[in-house]
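In what follows, a structure is listed as structure tokens, so that the remarks can point back to it.
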Amino acid sequence: MSTINCEIINQYSKTYTEPYKKKRTSCRGFIVENGKILLSHEMNTGVYMSPGGGIEEGETKEECCVREVREETGFEVKPLKHFLTVNEYCYDTLYIAHYFLCEVTGQGKQALTETEIDHGIVPEWVEIPEALEIFGEYKKKTPDHESLYRREFTVINKYLELQK
């Protein structure tokens, strides 16, 4: 799968201190069916995000995406296109998030980490306008969540641009 046509966006939070001291690379599945987007919803914190997480050693970006979506949501997916990378600069860290358009190919079961269990992560299909409303509130969030929500808001809007 090629990333040659993958757009790269840089986003800087108000809390960013240059130069970054840490870097974290993740892959996220962007799954849309019947006008709804699949999100991971932390029931105990109220936080929403695209399912995904950090790349493990020896893993390709596509493999990471498939594994993370399965672990967080229980859905088996096939990455179709690496459509966007967001370089998110927050505090002293550069978070690199690779987004893949995916299709659901099956259903398995979640395999959550202890932290994800504590946060009460559940998969949730959300209408795209509702997701835009949720993430569009990023300016009202704490600095940690403002950066996350602004990233997700940007990604959904980029997806909608691709659909035109």
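The values are calculated or read from the model by the stated rules, or taken from the named source; none is laboratory data. All figures in this text were calculated on a predicted structure; none of them were measured in a lab. All Cβ positions, even for glycine, are placed from backbone atoms using ideal geometry, and neighbour counts span all protein chains on display. Accessible surface is based on the protein model in full, side chains and every heavy atom, while ligands, DNA and RNA are left aside. Shrake-Rupley method; radii C 1.70, N 1.55, O 1.52, S 1.80 Å.
For region 50-68, the set of residues classified as within 17 Å of Gln110 (Cα to Cα), open to solvent by 30 Å² or more (accessible area, probe 1.4 Å) and in contact with a helix residue (DSSP H, G or I) (Cβ under 7 Å, 6 or more places away or on another chain) is empty.
Looking across region 56-86, just one residue is in contact (Cβ under 8 Å) with a residue 60 or more places away in the chain and among the hydroxyl-bearing types (Ser, Thr, Tyr), and that is Thr85. Selection over region 40-68 of residues that are in contact with a His (Cβ under 9 Å, 6 or more places away or on another chain) and either assigned to a helix (DSSP H, G or I) or of a type in the set (D, E, K, R) (or both) gives a count of 5.
Within region 12-33, can one find any residue that is loosely packed, with under 11 Cβ neighbours inside 10 Å and among the polar types (S, T, N, Q)? There is no residue in region 12-33 that is loosely packed, with under 11 Cβ neighbours inside 10 Å and among the polar types (S, T, N, Q).
Checking each residue in region 87-138 for being within 19 Å of Glu161 (Cα to Cα), within 16 Å of the chain's Cα centre (by Cα) and without any contact (Cβ under 8 Å) to a residue 40 or more places away in the chain picks out Leu132, Gly136.
Taking region 69-87 as the range and being open to solvent by 20 Å² or more (accessible area, probe 1.4 Å) and either part of a helix (DSSP H, G or I) or touching a Ser or Thr at 6+ places or on another chain (Cβ under 6 Å) (or both) as the test, the residues that pass are Arg70, Glu71, Glu76, Lys78. In region 156-163, is there at least one residue being of a type in the set (Ser, Thr, Tyr) and surrounded by fewer than 16 Cβ atoms within 10 Å (Cβ to Cβ)? No: region 156-163 contains no residue that is of a type in the set (Ser, Thr, Tyr) and surrounded by fewer than 16 Cβ atoms within 10 Å (Cβ to Cβ).
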